[in-house]
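One structure is given below, encoded as structure tokens.
The values are calculated or read from the model by the stated rules, or taken from the named source; none is laboratory data. Computed from a prediction, not measured in an experiment: that's the story for all the values here. Reconstructed Cβ throughout: ideal geometry from the backbone, glycine too, with neighbour counts over all protein chains shown. These accessible areas exclude ligands, DNA and RNA; they are computed on the full protein's heavy atoms, side chains included. Shrake-Rupley method; radii C 1.70, N 1.55, O 1.52, S 1.80 Å.
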Amino acid sequence: MKRKFSTRIIAGIATSAVLAVGSLSFTAINAIADEAVSYYGLSADGTVISGTVTDYTKIVSYDTAWGIAGKESWYVADGIFNIYTTNPLDLKGNVNVILKNGAEVIVSHGIAGTDATITFYSESESASGVIGFIGATGDDGRWGMTDSGPDMTKGEDGKDAVNVSSFTVAGGTVTVIGGDGGKGGGAGYGTNYDTNESYYGVGGDGGNGSVAITDNTKVYLNGGRLNVTAGRGGN
């Protein structure tokens, strides 16, 4: 006697098989995405701080902000690249940055977040990751608009590189450089054709170089290395 199978039963079996395969695939993808990253650093009293994180954001060249207000977050710097923004990178909440070995990252317009904190860790005790924050250069002054008048404008002052609530280096190498001042405006000049004499104005002053880290930023160097340089004045 031949048995008959209901089309409903066959369809149900097929659906269950698809769901089972889908679940396995989704689990495998998540396992790859949640790759653990190690971190290493020192506390203020020299105690080693180490562990691994799986919930993090990878830093990329088009970042404009790090962190979430009122929350702690982790970021990983991996690779060699620049982050170029029009304004300082917007920092929020309590941000932790892991510098993987071999990483070289430059944040070209610095960071700002007066209510935010940032802490740097290396990937391991034998750290080789580097990150740098550079303040923006001030705009150059305008050239004189008259034959000989001293109406040339001063170069704009450079911008701060770091302006946050607290800045802690627990591991890795961090470099901070203040923005350079802009060049002073060039002198206007002209000629009196009746006397064939030339007239020259006075050029504008160069802008002031900026501090690397603002006074309201609390700085803690627990481990690793911190290099700080003020910006240069404009010509």
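Summary table
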{"quantity": "Residue in the range 82-93 that is closer than 14 Å to TYR39 by Cβ and not aromatic (Phe, Trp, Tyr) present", "calculated": "no"}
{"quantity": "Meets criteria (at pLDDT 80 or above and either assigned to a strand (DSSP E or B) or surrounded by 23 or more Cβ atoms within 10 Å (Cβ to Cβ) (or both)) for THR137", "calculated": "yes"}
{"quantity": "Whichever residue in the range 192-233 is among the aromatic types (Phe, Trp, Tyr) and at pLDDT below 80 and, among such residues, is farthest from the chain's Cα centre (by Cα)", "calculated": "TYR193"}
{"quantity": "Selected residue (criterion: surrounded by the fewest Cβ atoms within 10 Å (Cβ to Cβ)) from residues of the range 66-84 that are over 16 Å from ILE131 (Cα atoms) and under 16 Å from the mean Cα position of the chain (by Cα)", "calculated": "ILE68"}
{"quantity": "Residues of the range 209-235 classified as outside any strand (DSSP E or B), open to solvent by 80 Å² or more (accessible area, probe 1.4 Å) and either in contact with a Ser or Thr (Cβ under 8 Å, 6 or more places away or on another chain) or of a type in the set (A, V, I, L, M) (or both), total", "calculated": "1"}
{"quantity": "Among (1) at pLDDT below 75; (2) surrounded by 23 or more Cβ atoms within 10 Å (Cβ to Cβ), the one test that PHE120 misses", "calculated": "(1)"}
{"quantity": "Subset of the range 54-65 (residues that are over 9 Å from the mean Cα position of the chain (by Cα) and aliphatic (A, V, I, L, M))", "calculated": "VAL60"}
